[in-house]
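Following: one structure in structure tokens, then a few remarks.
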Amino acid sequence: MRRAVAVLSTLFCLGRAEAQEPETYVLRQAVSNRETVVYTRVIRFDGEKHLYHVQDYFEDGRIQMDAFYTSFDRRVKEGSQCNYRSNTKEGPYTEWHRNGRKGFEGCFSRGRLSGASSSWYESGQKEAEESWLDGQLHGRVRYWSGNGDLQFDSTFVHGMNQNRRQVRYRYLSYLPKDYEADATRAWPLVIYLHGGSDRGTDLKKLYSSGIPDQVYRGREFPFVMLAPQCPQHLRWSTDDWFESFFGEATARYRIDTDRVYLTGPSLGGSGTWYIAARYPGTFAAIAPMSGFTSHLDFIDENIERLYEVPVWAFHGQRDTVVPFEETERIVRKLEGRNKNLKFSAEPDLGHEIHWQVYPGREIYDWFLRHSRSSKHGLAE
């Protein structure tokens, strides 16, 4: 009897939804501490397909997004690859730049990108062509510069580049004020992996956030800090860069290789999980923040390599760029197996959680309490 009532109730609700006129909402999205973007959101429910058709418009009336959802929170404006709690994309998804030119076009299945996607610069120049399978790059992937030069052309399988190159990444460096005072002293090393917006060739971009931002503000640290820069469009897992980077770092600087730490937010959070799983014997502790983990199988397939690495993971539960569940699910796999596991799941913070962490002291004090007593050097 309860099931019959539930079915009738569901049919009644769907019938009401089919008869509803389009709903219109005004959304205000903070994109920085100083800028808020206002959208007009129009929602239509298709009772036959059980899909919400959602269209967002800029203040000047130009369309910004056209998408379909199986479940939807009308109050949330999430990123193109983020399923924020109940916001599950299904079918074609398109975004436009403010100038009216198309910015992105792809297709989702059960909330994850599947099939071909394309993106364009504001000028109209093609920026990317990607192939996806269940949210992972799978197939041919190509990236172009803003002037139309082909920069990258490769094939991926379940998120992993099949034509990996040995590359050298440029990096920022910070040395403690007393580094030159004692030529025999070895120092701890913190490696900082930046987020997606700081990719490119301009190292000055790295000063925009995280530990480099703290250095730029004049803060002093009792460790060496190195911050490599990932090329535009690529991920920290795309090519083989870490071995040459770490080799150069330990040859050029006096590094205590028992006290090497790894951290980063967003893209850098994903990179922290990946690099630590690939070279677990290298790090005394890691602190990944707000990063995708399901974008490649490598992390899950090698989760046992992180059982002995102290981990302090961070993710804001209101993150609308990278779903909170991306960190939570890896933490759950480590629970009961990693005896040095911490998870800061902040209920009132979103993707900006790193702005609360890196200006403080606790993460650095936690790092420096850990020392790797096993063999020295790079351990894969």
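Read-outs: derived from the displayed coordinates by stated rules, not from any lab. These figures come from a predicted structure and were not determined experimentally. Using ideal geometry, Cβ is built from the backbone for each residue, glycine included, and neighbour counts are taken over all protein chains shown.
Answer rounded, prolate or oblate for the stretch 15-161, using the Cα gyration tensor with square roots of eigenvalues a ≥ b ≥ c: rounded when a/c is under 1.5, else prolate when a/b is larger than b/c, else oblate. Mind dumping the intermediate values first?
Values: a/c = 2.21, a/b = 1.39, b/c = 1.58.
Oblate.
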query = Top mean-square fluctuation among TYR25, TYR307, TYR207, Gaussian network model of the chain, C-alpha springs under 10 Å?
reply = TYR25
task = Could you compute the FRET efficiency for TRP366 and GLU220, with r as their C-beta to C-beta distance and R0 at 25 Å, rounded to 0.05?
result = 0.85
query = In what sequence, highest mean first, do 263-276, 331-344, 186-199, 87-100 appear when ranked by Cβ atoms within 10 angstrom?
reply = 263-276, 186-199, 87-100, 331-344
request  = Using just the helices of the chain, give the 222 nm mean residue ellipticity in deg cm²/dmol: DSSP H runs with n ≥ 4 each add -39,500 (n - 2.57), and the total is spread over all residues, rounded to 500.
outcome  = -5500 deg cm²/dmol
inquiry  = Whole-Hz ³J(HN,Hα) for each residue in the stretch 171-186, computed from phi via Karplus 6.51 cos²θ - 1.76 cosθ + 1.60 with θ = phi - 60°, x for glycine and proline: what do you get?
reply    = 8, 7, 9, 10, 10, x, 4, 9, 4, 7, 6, 9, 6, 9, 7, 9
query = Of TYR207, ILE353, VAL260, whose Cα points farthest to the positive end of the dipole of the chain (charges on the beta-carbon: +1 Lys, Arg; -1 Asp, Glu; origin at the Cα centre)?
reply = VAL260
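For the stretch 209-307, run through the GluC sites (Glu not before Pro) and keep only the ones in DSSP coil with at most 15 other Cβ atoms within 10 Å of their Cβ. Mind dumping the intermediate values first?
Numbers: sites: GLU220, GLU243, GLU248, GLU301, GLU304; in loops: GLU220.
Counting only loop positions with at most 15 other Cβ atoms within 10 Å, the GluC sites (Glu not before Pro) in the stretch 209-307 are GLU220.
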inquiry  = Can you give the Rg/Rh ratio of the stretch 171-368, where Rg is from the C-alpha atoms and Rh is the Kirkwood radius?
reply    = 0.94
request  = Enumerate the helices in the chain for which the Kyte-Doolittle hydropathy averages 0.5 or more and the C-alpha atoms extend at least 20 Å along the helix's axis, using complete DSSP H runs.
outcome  = 2-19
query = (i) 21.1, 63; (ii) 22.7, 81; (iii) 21.5, 82: which one is Rg and Dmax of the Cα atoms in Å as calculated from this entry?
reply = (ii)
remark   = Stretched fully, the stretch from ASP240 through LEU175 gains (0.36 nm per residue minus C-alpha distance, one decimal, in nm) 20.8 nm
Max mean-square fluctuation residue, GNM over the chain, Cα-Cα springs under 10 Å, options GLN136, GLN356, GLN55 = GLN356
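Determine, from the Cβ-Cβ distance of ALA186 and ILE63 and an R0 of 56 Å, the FRET efficiency 1/(1 + (r/R0)^6), rounded to the nearest 0.05.
Numbers: r = 57 Å, r/R0 = 1.02.
Taking R0 as 56 Å, the efficiency between ALA186 and ILE63 is 0.45.
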ask   = Going through the stretch 225-296, which trypsin sites (Lys or Arg not before Pro) have at most 15 other Cβ atoms within 10 Å and a DSSP loop state?
value = ARG254
message = Given contacts defined as C-alpha pairs under 8 Å and at least six residues apart, what's the relative contact order of the stretch 85-204, whole-number percent?
response = 12 percent
query = Out of the stretch 120-156, which trypsin sites (Lys or Arg not before Pro) are coil in DSSP terms and have no more than 13 other C-beta atoms within 10 Å?
reply = none
ask   = Which percent, to the nearest 5, of DSSP beta bridges fully inside the chain are antiparallel?
value = 70 percent
ask   = Could you give the dipole magnitude of the stretch 15-161 about its Cα centre, charging the beta-carbon of Lys and Arg +1 and that of Asp and Glu -1, in debye to the nearest 20?
value = 300 debye
ask   = Roughly how many whole Å is it from the C-alpha centroid of the stretch 177-239 to that of the stretch 114-157?
value = 28 Å
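Calculate the FRET efficiency for ARG140 and ASP258 from the Cβ-Cβ distance with a Förster distance of 51 Å, rounded to the nearest 0.05.
Details: r = 43 Å, r/R0 = 0.84.
The formula returns an efficiency of 0.75 here.
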